[in-house]
Amino acid sequence: MNESQLRWAKRFKWISLAEGLSFLVLLGIAMPLKYGFDMPLAVKYTGWAHGVLFVVYIYAVYPTAKSLKWSFSRTFFALVASLLPFGPFLFDRNLNKSQQTKF
């Protein structure tokens, strides 16, 4: 893996983990606060942050896939992973297993 590819891989990993964590915080903390304790602002702000991170993740998939020469199925898996609560973490694990260099 060359310098440029490593940079793309690291950048995507951090975006992916931030997006996945924001989704878990939204589902596991903000939603219970909204519906259990009548605190709708928790979902408003956490949902907004998650939405921004989701868009950044989606926009980061294509250039990362192009740089790292991902197959269509791996790129599709990256896109589907963004829709599942633990998806980005599973995708990152799968990516680490398949790459020669851990990042």
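We did not get these values from a lab; they are worked out from the coordinates using the rules stated. Source: prediction; values computed, not measured. Cβ coordinates were reconstructed from backbone atoms using ideal geometry, including for glycine residues, and neighbour counts include every protein chain displayed.
Run lengths n ≥ 4 of DSSP H only: what is the helix-derived mean residue ellipticity at 222 nm for the chain, with -39500 (n - 2.57) per run over all residues, to the nearest 500?
Details: 5 runs with 81 residues, N = 103.
Taking each H run of at least 4 residues, the total per residue is -26000 deg cm²/dmol.
Describe numerically, in nm with one decimal, the distance between label points set 7 Å from Cα along Cα→Cβ at Phe77 and at Leu21.
2.4 nm
Let me spell out the model: positive unit charges on the Cβ of Lys and Arg, negative unit charges on the Cβ of Asp and Glu, origin at the Cα centre of the chain. What dipole size does that give, in debye rounded to 20? Walk me through the numbers before you get to the answer.
Values: 12 positive and 4 negative charges, 82 e Å.
Computed about the Cα centre, the dipole is about 400 debye.
How tilted is helix 3-25 with respect to the longest principal axis of the chain? Cα atoms for both, answer in degrees (0 to 90, nearest 10).
On a 0 to 90 degree scale, this one is about 20.
For the residue pair Arg93 and Lys44, what label-to-label distance in nm results when each label sits 7 Å from Cα along the Cα-to-beta-carbon direction?
About 3.7 nm, to one decimal.
Number of Lys-Lys pairs in the chain under 27 Å by Cα, sequence gap 8 or more or different chains?
Value for the chain: 14.
Determine the relative contact order of the chain: mean sequence separation of Cα pairs under 8 Å and six or more apart, normalised by residue count, in whole percent.
Numbers: 87 pairs, mean separation 37.7, N = 103.
Dividing the mean separation by the residue count of the chain yields 37 percent.
Between Phe54 and Leu33, what is the FRET efficiency for a Förster distance of 22 Å, r being their Cβ-Cβ separation, to the nearest 0.05?
Working: r = 20 Å, r/R0 = 0.92.
Plugging the Cβ-Cβ distance into 1/(1 + (r/R0)^6) gives 0.65.
Can you match P(r) over Cα pairs in 5 Å bins from 0, in percent to one of these, [x] 2, 13, 24, 25, 20, 11, 4, 1; [y] 2, 12, 20, 21, 14, 9, 6, 4, 4, 4, 3, 1, 0; [z] 2, 14, 22, 22, 15, 10, 7, 5, 3, 1, 0, based on a calculation from the structure here?
[z]
In degrees, nearest 10, range 0 to 90: what is the angle between the Cα axis of helix 40-68 and the longest Cα principal axis of the chain?
It works out to around 10 degrees.
Hey, if you put +1 on the Cβ of every Lys and Arg and -1 on every Asp and Glu Cβ in the chain, which of Leu24, Val43, Thr64 ends up farthest toward the positive end of that dipole?
After comparing all options, I get Thr64.
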